[in-house]
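Have a look at the structure below, then the notes.
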Amino acid sequence: MKSTPPSPSFDTPSPSVAPKGAIPNAAVLIQRWQAVKARIAQAALKAAREPQGIELLAVSKTFSLQDIVTLKEQGQRCFGENYIQEAVEKIESAKSFSPMKDAQWHCIGPLQSNKTKWVAQCFDWVHTLEQLKHAQRLNEQRPAHLPPLNVLIQVNVDEGPTKAGVQLQEVLPLAKEIMGLGRLRLRGVMTLPDFSPEFDAQLAMHQRGQAVFASLQKELGEVQIDTLSMGMTQDLEAAIVAGSTLVRVGTAIFGGRTEPTQD
Ligand SMILES: *Cc1c(COP(=O)(O)O)cnc(C)c1O
């Protein structure tokens, strides 16, 4: 393995950017990241899929920009964040690190009307669109100098009434509305099913997500609809077997988190 350059240091990271848990050193972080890539490749092989067809989103919420830069230097391009204020600080600070120039930032936290402006200005992707109202706000607030914001509709595959995400029968109508918004680019769907320890149960849930994705592709075309965001640390294998094109992995790369209570 090639030696890694010294990591950048930061003067006074604000509290929301400072890592909550133990800071893994760069070598450990890189090792874990490589192990996740190997898991993805292995799962792709089993599913007779091309590993290049599965994007790894490194979910860096609660972890430092320093860890993000370390992985970016190794070739990790996409980073996922949930907490808008934390994310905005990191994305702004990242601008002073040249390796971060072509990083892609994905918003995977719940959207709130009073934060859509930040999302529209700072992120490249949003995975958690569930309301036309939010889509319209993002569309209006997306700055003209940036490319259209890539969006995914979050789908409620569990079908529980209290679960986040759009009900199955409402996905297509919402998708068609989003297609009319010029500053957004609809790319597909995202799912966040309740965790189950059983592989077969994980697979069944992910197959529902795949079915929604496939029906959207049929309606709107496979060039337009190319992203199925599905699978996390504990169920990425089942998600890949079911057809996921993007897995969102935090814990297996960065370690355990202490989630903040505030946003
Ligand atoms: C935190 C988070 C993840 C990452 O979860 P891990 O289990 O740590 O891999 C993925 N997706 C969403 C929406 C998240 O909030």
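The values are calculated or read from the model by the stated rules, or taken from the named source; none is laboratory data. All values reported here derive from a predicted model rather than from experimental measurement. Positions of Cβ are generated from backbone atoms using ideal geometry, with glycine treated the same way; all protein chains shown enter the neighbour counts. These area figures cover heavy atoms from the full protein model, side chains too; ligands, DNA and RNA do not enter into them. Shrake-Rupley method; radii C 1.70, N 1.55, O 1.52, S 1.80 Å.
Per-residue 3J(HN,Hα) values for the stretch 103-110, derived from phi via the Karplus relation 6.51 cos²θ - 1.76 cosθ + 1.60 with θ = phi - 60°, read 5, 10, 9, 10, 8, 10, x, x Hz in sequence order (x marks Gly and Pro).
Note down, for the stretch 175-249, the three equivalent ellipsoid semi-axes (square root of 5 times each alpha carbon gyration tensor eigenvalue), biggest first, whole angstrom.
Numbers: eigenvalues 124, 27, 18 Å².
Gyration-tensor ellipsoid for the stretch 175-249: 25, 12, 9 Å.
Pair-distance distribution P(r) for the chain, from all Cα-Cα distances in 10 Å bins starting at 0: 7, 30, 37, 22, 4, 0 percent.
Site pair Q121 and E259 shows an inter-label distance of 2.7 nm when each label is modelled 7 Å from Cα along Cα→Cβ. Selection among T191, T258, H206 by position relative to the dipole of the stretch 178-263 gives T191 as farthest towards the positive end (Cβ unit charges, Cα centre). Largest mean-square fluctuation among A58, A43, A238, in a Gaussian network model of the chain whose springs join Cα atoms under 10 Å apart, belongs to A43. Amide hydrogen proximity for R185: with H placed 1.01 Å from N in the peptide plane, the residues at 5 or more positions away or on another chain lying under 5 Å are L149, N150, V151. Here the chain is assigned +1 on the Cβ of each Lys and Arg and -1 on the Cβ of each Asp and Glu. Its dipole about the Cα centre then comes out at about 520 debye. Residues in the stretch 25-148 average 44 Å² of solvent-accessible surface per residue, probe 1.4 Å, ligands and nucleic acids excluded.
Would you calculate the volume per residue, in Å³, of the smallest convex hull containing every Cα atom of the stretch 38-189? Don't skip to the end; give the middle numbers.
Details: hull volume 20.8 nm³, N = 152.
Cα convex hull per residue, to the nearest whole number: 137 Å³.
Between V166 and Q154, V155, N156, the built amide H atoms are under 5 Å apart, and every one of these is 5 or more places off in sequence or on another chain. For G250, the residues whose amide H sits under 5 Å from its own are V59, T233, ignoring neighbours fewer than 5 places away on the same chain, with H placed 1.01 Å from N.
Projected label points at E222 and E170, each 7 Å from Cα along the beta carbon direction, are separated by 3.1 nanometres.
For the pair D194 and Q74, the difference between a 0.36 nm per residue extended length and the Cα-Cα distance amounts to 40.0 nm. How many nm separate the modelled label positions at A204 and L132, each set 7 Å beyond the Cα in the direction of the Cβ? For the pair A204/L132, the computed spacing is 3.4 nm. Here the accessible area is traced with a 1.4 Å probe on the protein chains. For the chain, carbon and sulfur cover 52 percent of it. With K and R counted +1 and D and E -1, the other residues having a Cβ less than 13 Å from that of F213 yield a net charge of 0. Partners of K46 within straight-line reach, counting aspartates and glutamates whose Cα lies under 13 Å from its Cα and excluding those fewer than 8 residues away in the same chain: E237.
Work through the residues other than P147 whose Cβ is under 14 Å from its Cβ and net out their charges, Lys, Arg +1 and Asp, Glu -1. Can you show the working numbers first?
On the way: positive: R142, R183, R185, R187; negative: D102, D124.
Result for the local shell: +2.
Accessible area per residue for the stretch 191-245, computed on protein heavy atoms with a 1.4 Å probe, is 47 Å².
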